[in-house]
Each structure stands twice: as C-alpha cells, then as structure tokens.
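Participant: My questions will all concern the structure given below.
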Amino acid sequence: MQLPYCILQQINLHSPGTPLLLHRFYVPYKEQRLACFVTDLQGNVLERVFYGKDRRYWQASQVIEKALCVAIRKELRLAA
C-alpha cells in the first residue's frame, strides 16, 4: 500500500497499541485518488492529504472530512 510520507510519519508517532483508522477516497469515474485521512477512534483527524489539484476536488475533500468526523463521533455515541 503506497501512502504519503506524512501519513506514514503520523502512524509511526503513535504507539503500536493505539488504534488508528485510515480512510482513502477515490474519484469513481476517473479512478484517481481524492483524499486520505488518518483518524483516531474519537473522530479527530490526525493527518490528511488532498490529492486533487482542482478547487472543486479540494472542496469535496473538505466536505468528506467533515462528514467523516461526524459519522465516527455518531458511531462512538451509539456504541456507548
């Protein structure tokens, strides 16, 4: 799995027992990468990489990031 260097650094900073979530998003009709996020179980984004060079893709990545954080936190509340 090819990951950006900053993502790998963030993963290596945490102890091996710390659960982290890696989320990768692609543009379906172009089959290209859109964004990659590393989050903890509380829904905090630890590192993010936006691959899109266009403003439209960058904005879409921001919307995905916000929705991802909300979904993780909602799931955490339901599990508790």
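Participant: Which of the following residues is in contact (Cβ under 8 Å) with a residue 24 or more places away in the chain, under 17 Å from ILE7 (Cα atoms) and surrounded by 13 or more Cβ atoms within 10 Å (Cβ to Cβ): VAL38, VAL27?
Facilitator: The match here is VAL38.
Participant: Any residue in the stretch 1-17 that is closer than 16 Å to ALA35 by Cβ sitting within a Cβ distance under 8 Å of a residue that is among the acidic types (Asp, Glu) and not in a loop (DSSP other than H, G, I, E, B)? List the pairs, counting only those 6 or more apart or interchain.
Facilitator: CYS6/GLU47; ILE7/GLU47; GLN10/GLU47
Participant: Can I ask one more? Go through VAL38, VAL63, VAL45 for me and flag whichever is of a type in the set (Val, Ile, Thr), under 29 Å from LEU78 (Cα atoms), touching a Lys or Arg at 6+ places or on another chain (Cβ under 8 Å) and at pLDDT 90 or above. Give the steps one after another, and end with the answer.
Facilitator: On the way: VAL63 fails: touching a Lys or Arg at 6+ places or on another chain (Cβ under 8 Å); VAL45 fails: touching a Lys or Arg at 6+ places or on another chain (Cβ under 8 Å).
Going through VAL38, VAL63, VAL45 in turn, just one is of a type in the set (Val, Ile, Thr), under 29 Å from LEU78 (Cα atoms), touching a Lys or Arg at 6+ places or on another chain (Cβ under 8 Å) and at pLDDT 90 or above: VAL38.
Participant: A further question on this structure: Would you check if there is a residue in the stretch 55-68 being of a type in the set (Gly, Ala, Ser), exposed (fewer than 13 other Cβ atoms within 10 Å of the Cβ) and closer than 26 Å to LEU8 by Cβ?
Facilitator: yes
The values are calculated or read from the model by the stated rules, or taken from the named source; none is laboratory data. This structure is a prediction, so every number in the text was calculated from the model and none was measured. Here the Cβ is made from the backbone with ideal geometry for all residues, glycine too, and neighbour counts use every protein chain on show.
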